[in-house]
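J.: Quick one: the structure is below, and I'll ask about it shortly.
The values are calculated or read from the model by the stated rules, or taken from the named source; none is laboratory data. The model shown is predicted, which means the values in this text are computed figures rather than measured ones. So basically every Cβ, Gly included, is an ideal-geometry build from the backbone, and we count neighbours across all protein chains shown. With ligands, DNA and RNA removed, areas are computed over all heavy atoms of the protein, side chains included. Shrake-Rupley method; radii C 1.70, N 1.55, O 1.52, S 1.80 Å.
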Amino acid sequence: WHEFTGFHCPTTTTSLAPITKRDYKWKPLERDCLKLNIDASTISGFRRIGIGAVIRDHRGRVAMAKKMIGPFTAFIAECHALRVGIRFCEQSNLKISAIETDALNVAAAVHSFSPLSEESSILSDVKHLLQSFSNVGVNFIPIESPIARVAF
């Protein structure tokens with residue numbers, strides 16, 4: 001992960017506006033920018049989830065995949081993926097400039113969640129971890145190929 005250290009990029013803003021697959025085209029990042037893409041995958045009846053986090057620079061690189069055991073819903077699995085991905089970046093001293101997820105409900109929940117909801121402790125951790133990064137938001141982007149499947 002050392003090859004990612006020392007990167008710096010202009011800050012981004014958070015977007016929750018729906019983007020259709022037709023509207024979104026991948027563009028390479030600016031040089032020295034890092035972006036975190038997260039995803040989760042569940043297999044019904046097997047009590048496990050796959051969590052994927054991809055750190056991308058202008059060339060793109062896979063940084064981490066993880067498996068978790070538990071009877072999680074898809075929403076909670078995506079929340080876990082977000083927390084694990086951000087924590088990985090913080091612990092690896094990676095200065096990301098954006099976070100993307102294909103889970104609109106998770107991106108929206110980061111900005112407004114009930115303290116009594118099932119996901120509140122996870123999202124509280126996410127908000128705390130986000131304070132380590134200047135002006136980084138969680139953006140909803142539809143992703144055609146799940147990155148979490150490598151964890152299975």
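J.: If the requirement is being more than 23 Å from residue 31 (Cα to Cα) and either part of a loop (DSSP other than H, G, I, E, B) or modelled with pLDDT of 90 or more (or both), which of these qualifies: 59, 87?
T.: That would be 87, the only listed residue that is more than 23 Å from residue 31 (Cα to Cα) and either part of a loop (DSSP other than H, G, I, E, B) or modelled with pLDDT of 90 or more (or both).
J.: Here's something else I'd like to know. Give region 70-83 a look and list any residue that's free of Cβ contacts under 8 Å to residues at least 40 places away in the same chain and more than 11 Å from residue 50 (Cα to Cα), or say none.
T.: 71, 73
J.: Residue under question is residue 76, and the condition is that it be out of contact with any Phe, Trp or Tyr (no Cβ under 8 Å at 6 or more places or on another chain) and over 19 Å from residue 56 (Cβ atoms); does it hold?
T.: When the stated conditions are applied, residue 76 passes them.
J.: Would a scan of region 20-37 turn up a residue that is touching a Gly at 6+ places or on another chain (Cβ under 6 Å), open to solvent by less than 80 Å² (accessible area, probe 1.4 Å) and modelled with pLDDT of 75 or more?
T.: Yes, the conditions are met somewhere in region 20-37.
J.: With respect to residue 122, determine if the residue is modelled with pLDDT of 90 or more and either open to solvent by 70 Å² or more (accessible area, probe 1.4 Å) or assigned to a strand (DSSP E or B) (or both).
T.: Spelling it out, it is not the case that residue 122 is modelled with pLDDT of 90 or more and either open to solvent by 70 Å² or more (accessible area, probe 1.4 Å) or assigned to a strand (DSSP E or B) (or both).
J.: Is it fair to say residue 68 is at pLDDT 75 or above and over 20 Å from residue 112 (Cα atoms)?
T.: Answer is yes for this residue.
J.: In region 128-151, which residues are modelled with pLDDT of 85 or more, open to solvent by 80 Å² or more (accessible area, probe 1.4 Å) and in a helix (DSSP H, G or I)?
T.: Answer for region 128-151, where residues must be modelled with pLDDT of 85 or more, open to solvent by 80 Å² or more (accessible area, probe 1.4 Å) and in a helix (DSSP H, G or I): just 128.
J.: Which residues, counting only those in region 94-109, are hydrophobic (A, V, I, L, M, F, W, C) and open to solvent by less than 20 Å² (accessible area, probe 1.4 Å)?
T.: Across region 94-109, the qualifying residues are 94, 96, 98, 99, 103, 106, 107, 109.
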